[in-house]
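One structure below.
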Amino acid sequence: MKKIEHLINGKLNSNFVNNTSSVFNPATGEEASQVVLGTEKCVQNAVNSAKNVYSSWSAETPLMRSRKMFKLKEIIESRKNELAELITLEHGKTFDDALGEVGRGLEVVEFACGIPNLLAGNYTSEVGRSIDSWSDNQSLGIVAGITPFNFPVMVPLWMFPIAIACGNCFILKPSERDPSSTLLLAQMVLDAGFPPGVLNVVNGGKEAVDAILKNKDISAVSFVGSTPIAHYIYQEAAKYGKKVQAMGGAKNHMVVMPDADINLVCDSIMGSVFGSAGERCMAVSVVVPVGKETGDAIRTKITPMIENLKIGPGLEKSSEMGPLVTKQHLDKVKNYIDIGIKEGADLVVDGRNFKLQGYENGYYIGGTFFDHVSTDMKIYQEEIFGPVMSMVRSESMVEALEMVNNHEYGNGTAIFTSDGGVARKFANECQIGMVGINVPIPVPMAYHSFGGWKKSIFGGHAVYGMEGVRFYTRLKTVTGRWPVGKSLGAQYTFPNNS
Ligand code: NAD
């Protein structure tokens, strides 16, 4: 059986490991490999490797770091199919979707190529007589990232390219459910000429995470995953004095106004609710039509579209939706559908009994559609993270907006309308971090930043873009007098310009 190891100091190893965990191919249900689970000693080993290289790496000129980043961009581009195939084999999403994931991650590498410009500080001469002042963005040291299963390449790429371009060394702890593509990505970093130790990968679960949180030499932690764990990471990392950014879960609403183009709406629902089997933090899971006619029109048009969704192994070209990531997750999603029925929601399309001939042990589920869901139901309140669409009907845009704002999650939302004034009011007044106007999955580009509000984020720092540069650096401001003038004698008043 294939073993997935750590990548520390430029070498694969299985040192300091007490246990392993199975990695499955969700398309077939077969166990594909075993991933090693790192211990505290393993994390320390990775930190030692990072410490050895940090002083020389952080002293490299930003331009040299940028050139390596350009090389990484070339390598990822030329080997993107290998990355995408590994994603599909362990995550289950379709190959084209996986390629899209690699492409969006690559955009952050492209952003990080501009690091000489992004790191630039500022300078003011004559802040006082013969005194100049300049501010500089300096690296933090050794930083860590803990990533979820649903984007094993893109989410690590949200973090480490910017961190290492800023001069830090990075410890990456990928999801234990699909670590192979992340590991290949880290090998590409070595191939691009980054010195061993600048990026180390420690595989593992809670034990490795806790060791990262406690480690005195790690000064900042980036986390992306579910809300309960994001909250835990935020509290623990802060307890140990670390800078922390922690992205959590989501429940994203799509509000549909009566003047929206119903064809665009239904195509957008299909991609954003059922793409990647709903395992995206920016997936739409709640559709909120305004007015009975809008709801009825969506129901009539979308029902056969969901019933005819082509579900199959992610590597088959014809598949529009692949399986869920694990058997455990499949059971969880099915359980939510049972709950929805018990709660009295109107089950229009039931995906629970979907079976695929020849792949009976794969973790497949059909697209599912509940109409007449109400806000007191568990299937509305909680993140299901599967291909389940809930429709909550509303009477007005104000009522829909209130619903969006009352939900505890605040990651993404979208409004579909042809009225600019309505769209503007919605975008201005919603309590959500990322908003789409006739765009269903408004994931910001690499040069903007990604981050939700409310329980979708802890720590306040969004990821990538300039927020990423700010997170992975700290400001130093120098005030200097040069050449040294004649002393004016001791001055006991606070220095000022009067
Ligand atoms: P998860 O929270 O289960 O795991 C994320 C990471 O935390 C993994 O590396 C895992 O090993 C680790 N972890 C899990 N349990 C832990 C524990 N008890 N103690 C310490 N570490 C632990 O998330 P997941 O299931 O891998 O990913 C799906 C979740 O991630 C969804 O909730 C989704 O909304 C969220 N997500 C959020 C964003 C965002 O930017 N807001 C992006 C992608 C995914």
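The values are calculated or read from the model by the stated rules, or taken from the named source; none is laboratory data. Here the structure is a predicted model, which means the values were calculated and not measured. Every residue, glycine as well, gets a Cβ built from its backbone with ideal geometry; the counts of neighbours run over all protein chains shown. Keep in mind that these areas ignore ligands, DNA and RNA; they rest on the heavy atoms of the full protein, side chains included. Shrake-Rupley method; radii C 1.70, N 1.55, O 1.52, S 1.80 Å.
Table for the structure above
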item	result
Per residue accessible area of segment 252-437, 1.4 Å probe, in Å²	40 Å²
Relative contact order of segment 186-316, pairs being alpha-carbon contacts under 8 Å that are 6 or more residues apart, as %	17 percent
Rounded to the nearest 20 debye, dipole of segment 252-437 from Cβ charges on Lys, Arg, Asp, Glu	480 debye
Value in Å of the Kirkwood radius, where segment 252-437 supplies the Cα pairs that are averaged	16.6 Å
Percentage relative contact order, segment 252-437, counting C-alpha pairs under 8 Å, at least six apart	29 percent
Of the trypsin sites (Lys or Arg not before Pro) in segment 195-280, those whose Cβ has at most 12 other Cβ within 10 Å and which sit in DSSP loop	K216
Alpha carbon Rg of the chain, scaled by the compact-globule rule 2.2 N^0.38 Å	1.06
Nonlocal amide H pairs with V244, under 5 Å, H built at 1.01 Å	V221
With DNA, RNA and ligands ignored, accessible area of I341 (1.4 Å probe; Å², nearest 10)	70 Å²
Local electrostatic count at G103 - Lys and Arg +1, Asp and Glu -1, tallied over other residues with Cβ under 12 Å	-3
Residue pairs, from the table K80/K317; K73/K317; K317/K455; K11/K41; K173/K243, whose Cα atoms sit over 28 Å apart	K317/K455
As computed over segment 152-218, the Cα convex hull volume per residue (Å³)	83 Å³
For V255, distant residues with modelled amide H under 5 Å away	V288, A414, I415, F416
Normalised contact order of the chain, rounded percent, pairs of Cα under 8 Å and 6 or more residues apart	18 percent
Neighbour-limited loop hits for trypsin sites (Lys or Arg not before Pro), segment 389-498 (at most 14 other Cβ within 10 Å; DSSP other than H, G, I, E, B)	K486
